[in-house]
Amino acid sequence: LAKHSGRNRLCYFTDIMKSARSQRQQLINDLREAPLGKQLRLFYQPIIDLSNGRIVKAEALLRWQHPEQGLKLPDEFLGVAEESGLMSSLEHWVFSEAAAQAVNWSEFMDSSFQVTINSSPLQFTQNIHSKPWEAHLEKFLHSNTSIVIELTENVFLGDSEQLERNFTELRDAGVQLALDDFGTGYSSLAYLKRFDVNYLKIDQSFVRENEPGSSSHAIAETIIMMAHKLGLQVVAEGVETAEQRDWLKAAGCDFAQGFFFSKPVPAAELEPVLRIGYTHH
Ligand code: C2E
Ligand code: MG
Ligand code: MG
Ligand code: MG
């Protein structure tokens, strides 16, 4: 009997693995064939200046409107896109879409308003000949459009000469850089000395657990202090409550984003809010 159920169990696991693999393969095919312009969406999450409650930036976040499976979040398809070589076309699409949106908004927003765009560290450090931002740099120089690229610290694990070239090229075009999910990646603080970044984004995990005296609390406050000493500004991610907002403000954090202020929404939903200059109190 034991042997029998053992074999059944083996079949069962194999079936699960097979079906997971075929679902994955299906997803790759779907993504490869997806008309990007029709199925991809950018949602925008406002980033608030904690000193006055005003929206000063918006982060572009990718969604995939799958024809059968509905709206997919990046965690469900970015890994697959990276492994199957589709990331570059996704990032080209993201960049041109977000850049066009930034140009639109720059027509009525203050020149300090910024659209932030996530980029994959791999795309950033490999020597790919067509970079997602390339076609748009000219546009940034000649409009009051202001862009920030968000990268995780893992970008520093890649080819540092390539990285330096990209950073220089982007900075020359007036693009700023932010380190996303700061404090959770594999990198050393020495990189902050070597590479010129503008913002540190405190990872949500340090924001969520905000009991005074907790290690998360201490880490977040230390990041803020360190950043300011280095001349960088700080964005807190994942702010969900008024208490978190108040604590971050008291700790001197510059900017915040999170469900407390707004979820990521389609551009058409954010735009009227930007136009009236809504303030979060
Ligand atoms: P991220 O850049 O750290 O983005 C923040 C994530 O936290 C977003 O998830 C956002 O919806 C979510 N979030 C914002 N506020 C809150 C909150 O108050 N509570 C909670 N629980 N979550 C909050 P999303 O949109 O699912 O994106 C996940 C990750 O996918 C992003 O993390 C980013 O690393 C990546 N990503 C998104 N869009 C792109 C893209 O266009 N290109 C690349 N390369 N990566 C992207
Ligand atoms: Mg981000
Ligand atoms: Mg983040
Ligand atoms: Mg993240």
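Read the figures in this text as sums done on the coordinates, not as results from a lab. If you're wondering where the values come from, they're calculated on a predicted model, not measured in any experiment. Positions of Cβ are backbone-derived with ideal geometry, glycine not excepted, and every protein chain shown enters the neighbour counts.
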Among Ala218, Trp105, Val94 the positive-end extreme of the charge dipole of the chain (Cβ point charges): Val94
Sorted by Cβ neighbour density within 10 Å, fewest at the top, the residues Glu237, Glu83, Glu169: Glu83, Glu169, Glu237
Nearest-20 debye value, the chain charge dipole, Cβ charges on Lys, Arg, Asp, Glu: 760 debye
Theoretical gain in end-to-end length, Leu141 to Lys263 [0.36 nm per residue, Cα-Cα removed]: 40.9 nm
Neighbour net charge for Leu151 - beta-carbon separation under 11 angstrom, K R +1, D E -1: -3
Computed [θ] at 222 nm, helices only, for the chain once each DSSP H run of length n ≥ 4 contributes -39500 (n - 2.57): -14500 deg cm²/dmol
Tilt relative to the chain, helix 74-83 - C-alpha long axis, 0 to 90 degrees, to 10: 70 degrees
Computed FRET value (nearest 0.05) for Asp15 with Gln126, which takes r as the C-beta separation and R₀ as 45 Å: 0.75
Virtual spin-label span in nm between Thr222 and Ser112, 7 Å along Cα→Cβ: 3.1 nm
Rounded FRET efficiency, nearest 0.05, which uses the C-beta distance separating His281 from Leu157 and R0 of 35 Å: 0.25
For the range 167-181 versus the range 55-110, the gap between their alpha-carbon centres in whole angstrom: 18 Å
Descending principal axes extents, the range 144-281, alpha-carbon based, whole Å: 43, 41, 23
Exposure proxy ranking, count of Cβ atoms within 10 Å, fewest first, for Glu164, Glu221, Glu153: Glu164, Glu221, Glu153
Tilt relative to the chain, helix 160-172 - C-alpha long axis, 0 to 90 degrees, to 10: 40 degrees
Antiparallel %, DSSP beta bridges [both residues in the chain], to 5: 45 percent
Local electrostatic count, His280, Cβ distance below 10 Å [Lys/Arg +1, Asp/Glu -1]: +1
Lys131, Lys229 arranged by Cβ crowding within 10 Å, fewest neighbours leading: Lys229, Lys131
Distance violations [Cα-Cα > 31 Å] among Lys131/Lys263; Lys38/Lys193; Lys131/Lys193: Lys38/Lys193
Of Phe156, Phe108, Phe43, the one that fluctuates the most in a GNM where the chain has Cα springs shorter than 10 Å: Phe108
Cα long-axis angle, helix 87-106 against the chain (0 to 90 degrees, to the nearest 10): 30 degrees
With 5 Å bins from 0: P(r) over the chain, alpha-carbon pairs, percent: 1, 5, 11, 15, 16, 16, 14, 9, 5, 3, 2, 1, 1, 0, 0, 0
Residue of Met226, Met109, Met17 that the Gaussian network model of the chain assigns the largest fluctuation, springs spanning Cα pairs under 10 Å: Met17
Choice from Tyr186, Tyr199, Tyr12 showing the highest fluctuation, given a GNM over the chain with Cα pairs closer than 10 Å: Tyr12
